[in-house]
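What follows is calculated from the coordinates using simple rules that are stated; it is not laboratory data. Since we're looking at a predicted model, the values are computed, not measured. Backbone-built Cβ (ideal geometry, glycine too); neighbour counts: all protein chains shown.
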Amino acid sequence: MSIRATNVTKTFGDFVALDDVTVDLPTGHLTALLGPSGGGKSTLLRIIAGLDTADSGTVEIEGVEASHLPPQKRNVGFVFQHYAAFKHMSVAKNVAFGLEIRKRKKADIDAKVKELLELVHLSQFADRMPSQLSGGQRQRMALARALAVEPSVLLLDEPFGALDAQVRKELRDWLRRLHDEIPVTTVFVTHDQEEALEVADEIVVINHGRVEQVGTPDEVYHQPANDFVMSFLGPTTTLNGSAVRPHDIDVFNQPVAGPAVEGTLTELKRIGFDVRATIDTAGGEHVTVHLTRTHADERGLDVGQRVWIVTSAERRPVAQTGLA
Amino acid sequence: MVATSGAARLRPGRTRRTPAADQLQAGSALALGISTLWFSLLVLIPLAAVVAAAAADGWSDFWNVLTSSQTAAAIVLTVTQALMVTAVNVVMGTALAWVLVRDRFWGRRALDIVVDVPFALPTIVAGLVLLALYGQNSPVGVNVANTRFAVFLALAFVTLPFVVRTVQPVLEALEPEVEEAAQSLGASRVTTFRRVILPALVPAITAGAALSFARGISEYGSLVLLSGNLPNHTEVASVRVLTYIENGNRAAAASVSAVLLVVALLAIIALDLLQRRLRRHEG
Ligand SMILES: Nc1ncnc2c1ncn2[C@@H]1O[C@H](COP(=O)(O)OP(=O)(O)O)[C@@H](O)[C@H]1O
Ligand SMILES: [Mg+2]
């Protein structure tokens, strides 16, 4: 295991930011720490990097007990949400910083900086100042700067959080490709479940300073450990008292064999290629169903119809919900 | 450097001018006009008048005034003491700003307010305070009256806030993440300060130094009592100017003033060049 945090607890005054957190993050993976704002994600990442100290618990990096090492000695690359650029240095100097600290030979530094700037597509900006770059470019510079020292782990705290939607999407695809090229163990923090599902090999869901679930994107999405994970990872609706994903329900305009629920189709919204149907069941539930346009057209659905709904059996979640 | 798509994205493309844009331009032209006029009335015209007055009796008189040993000694003393005080302020002012921003200690807020006192006091009051404290009857047993150190002390007292107050807001605005990034990249605390924090402070330190020096060469009230104004020893340029005026020699007073003006300009230019050099060195 590349990063192992064991029984980490951290309090700020009376406030418990991390409550006995234990996680193992495997070597070479791209892991997302996912959870709502204030859940303790940044705190955990900063403790791993040595920028904060835990009240109790230990951190191991590449098998080395790191709890008492200062950030300088952890060989961790850290990327901040707001870039943390060295504003008075050129892009190339920013990237060279860690290597200059390590007193590498000038020629080696220049070669490494050139290689990294190519990797992050900033070669032609080498002599610019950070203020002359866009947000996305600055963040790529920050990433190159962190990678320059060949860290054993790369930690990114909401790296795309300050960028607009378009650039965000581009960069997250790019991060995924970059990681496939250079498989350094990477942990990134996000509160955006789509980002985590799209990019990560593994997701650690954190809420209120506790780990709610660890698993692959498929596992946390389709087999959520509890209601919180279920509702945080995607949309939910309630059918027969259970939380279900709206696209795990099928709708028919005639009776079907098996345990179908009968109801009335009260609303049909078309949003681009998506169709959102609302069905009021005999039991008094308002069930939301997401279908593709093709699927909805095949079924010949119309508002006011009597319909029968079924959950896709293999996608039935393990969670049971009392109220929702 | 060749323009790239990235650069193009930074700068919005040229758009046709709208009436609103025209109005805005007219507005800013007006603002520029008013600022220039105001600046001219307050600064440029009086400065020109000083130089004109200095040259009124011809350049040979100008030269004679400056080379009279008493006046030359006063100018040299003023400039050297102002330079020394500025050098001390650069170090101590930065240190004091650092302490005020970064350290948490009892009395910090009080200290923060007290820093402005030397600047807020009427200078002659500052002079009285210094005389009472460090004069012949010093309660603390330190008598520096009628020495060059009295000039230094008075200048240090009144120029204390300049560097502190220019550096403090910049230090407050520094993102802690920038320092954390440096540490994570392996930089020790000292290296982080030298390579990351200090360069960010240089423009503010330079500005504070310029203010401090300019105030130093023009200071009168705070040092006039303690220094004793001994000719060729503790007499400063501004005292010379006043003496000339009292003797009805306006042209001579203007000559000394013109020199002080040139020295101030040179200092500001020198500091600006120094700052650029430091930046280039880093960049
Ligand atoms: N330095 C600090 N002092 C006091 N409270 C803090 C500090 N850092 C974080 N917290 C609190 O700890 C909680 C977790 O913060 P954080 O780890 O930043 O959450 P996340 O990154 O998941 O949004 C938040 O409620 C936050 O207010
Ligand atoms: Mg955070």
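Annotations for the structure displayed:
- Alpha carbon centroid spacing (whole Å) that separates region A:5-81 from region A:108-182: 23
- Think of the protein assembly as shown as a dipole: +1 on every Lys or Arg Cβ, -1 on every Asp or Glu Cβ, centred on the Cα centre; then among A:G57, B:V256, A:A162, B:V256 lies furthest on the positive end.
- With the charge dipole of region A:236-309 set up from +1 on Lys and Arg Cβ and -1 on Asp and Glu Cβ about the Cα centre, the Cα lying farthest toward the positive end among the listed residues A:G258, A:A282, A:V244 is that of A:V244.
- Simple spin-label estimate for B:T36 and A:L69 in nanometres, 7 Å along Cα-Cβ: 6.2
- The A:F12 and B:V114 beta-carbon pair, evaluated with R₀ = 30 Å, returns a calculated FRET efficiency of approximately 0.40.
- Exposure proxy ranking, count of Cβ atoms within 10 Å, fewest first, for A:T53, A:T9: A:T53, A:T9
- Region B:62-104 residues near the modelled B:A251 label - backbone nitrogen below 11 Å, point 7 Å along Cα→Cβ: B:62-65
- Separation of the alpha carbons by more than 25 angstrom is noted, of A:K87/A:K112; A:K112/A:K169; A:K73/A:K93, for A:K112/A:K169.
- Computed Rg/Rh of region A:89-176, alpha carbon atoms with Kirkwood Rh: 0.97
- Nearest-20 debye value, region A:46-152 charge dipole, Cβ charges on Lys, Arg, Asp, Glu: 520
- Sequence-distant contacts, meaning Cα pairs under 8 Å at least 6 residues apart, place the relative contact order of region B:58-282 at 32 percent.
- Taking the convex hull of the alpha carbon positions in the protein assembly as shown and averaging its projected area over all directions gives 41.2 nm².
- Relative contact order, percent, region A:3-228 [alpha-carbon distance under 8 Å, six or more residues apart]: 29
- Three-way shape call for region B:58-282 based on the alpha-carbon gyration tensor, with the a/c threshold at 1.5: oblate
- For chymotrypsin sites (Phe, Trp or Tyr not before Pro), the sites in region B:59-106 that DSSP calls loop and that have at most 12 other Cβ atoms within 10 Å are B:F105, B:W106.
- Fluctuation leader among B:S212, B:S184, B:S28 - chain B, Gaussian network, Cα springs under 10 angstrom: B:S28
- Global form of region A:3-228, assessed from the alpha-carbon gyration tensor, a/c cut-off 1.5: prolate
- GNM flexibility winner over chain A from A:D55, A:D14, A:D248 (Cα, springs under 10 Å): A:D14
- A full extension of the chain between B:A72 and B:M84 corresponds to an added length of 2.5 nm, given 0.36 nm per residue minus the alpha carbon distance.
- Cβ-to-Cβ counts within 10 Å put A:M89, B:M92 in ascending order as B:M92, A:M89, the fewest first.
- Counting only Cβ charges, +1 for Lys and Arg and -1 for Asp and Glu, the dipole size of the protein assembly as shown around its Cα centre is about 2500 debye.
- The angle between the Cα long axis of helix A:165-181 and the longest principal axis of the Cα atoms of chain A comes to about 70 degrees, rounded to the nearest 10.
- Modelled spin labels at A:A107 and A:D24, positioned 7 Å past Cα toward Cβ, are 4.6 nm from each other.
- Most mobile listed residue (B:T191, B:T80, B:T166) in chain B, GNM with C-alpha springs under 10 Å: B:T191
- In region A:157-285, the C-alpha radius of gyration followed by the widest Cα-Cα span (Dmax) gives 18.6, 55 angstrom.
- With K and R counted +1 and D and E -1, the other residues having a Cβ less than 15 Å from that of B:A126 yield a net charge of -1.
- Total formal charge among the other residues, if their Cβ is under 15 angstrom from that of A:G209, Lys/Arg +1 and Asp/Glu -1: -2
- With each label modelled as a point 7 angstrom along the Cα→C-beta vector, the B:M92-B:E172 pair spans 2.3 nm.
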